[in-house]
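Heads up, the thing below is written out as structure tokens.
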Amino acid sequence: MKLPKLLLLASIMSPILATPSYAVPYPAGVTLAETQEITLNNGAEVTSIDPAKQAAEPAFNLGRDLFEGLTIQDKQGKTIPGIAKSWTVNDNNTVYTFHLRDAKWSNGDEVTAQDFVYSWQRLLDPNTASPYA
């Protein structure tokens, strides 16, 4: 029973942890405004920006926009690489091995596999008070 619960958790957390960010080129000759801002209607206030404590659509939307996970979804909803450039699954579907691309946190530190291990362990730790623990 634990595996289906983990798969359900992974399917819920993937959109949260798999946040795409896109850089869009603009045509030559276009002058951008000095201040670049975007305003989004999130539908409601988020209860937490902590990915481990997000439990409703407004927070999921924010998480998707702030964080990139191992995988992301394309426009058709297909799972594609995020921080993971590739992955393999064993024959029993019990072991997933992710191969990470070079990535850095906003402070310049390298993103490591241990960062993802820590995130999952923290999410499942009852002391975190995650709705998914």
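Listed values, structure above:
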read-out: Local electrostatic count, residue 84, Cβ distance below 13 Å [Lys/Arg +1, Asp/Glu -1]; value: -1
read-out: 3J(HN,Hα) from dihedral phi, the range 109-118, Karplus parametrisation 6.51/-1.76/1.60, rounded to Hz, x for glycine, proline; value: 5, 6, 7, 10, 4, 4, 4, 6, 4, 4
read-out: Burial order of peptide ranges 51-60, 66-75 (average beta-carbon count within 10 Å, highest first); value: 51-60, 66-75
read-out: Where labels lie 7 Å past Cα in the beta-carbon direction, separation of residue 34 and residue 117 in nm; value: 4.9
read-out: Whether the range 51-133 is rounded, prolate or oblate, judged on the alpha carbon gyration tensor where a/c under 1.5 counts as rounded; value: rounded
read-out: Net charge of neighbours whose Cβ lies under 13 Å from the Cβ of residue 51, counting Lys and Arg as +1 and Asp and Glu as -1; value: -1
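Read the figures in this text as sums done on the coordinates, not as results from a lab. Worth saying up front: this structure is predicted, and the values here are computed from it rather than measured. In this analysis, Cβ positions are derived from the backbone assuming ideal geometry, glycine residues included, and neighbour counts consider all displayed protein chains.
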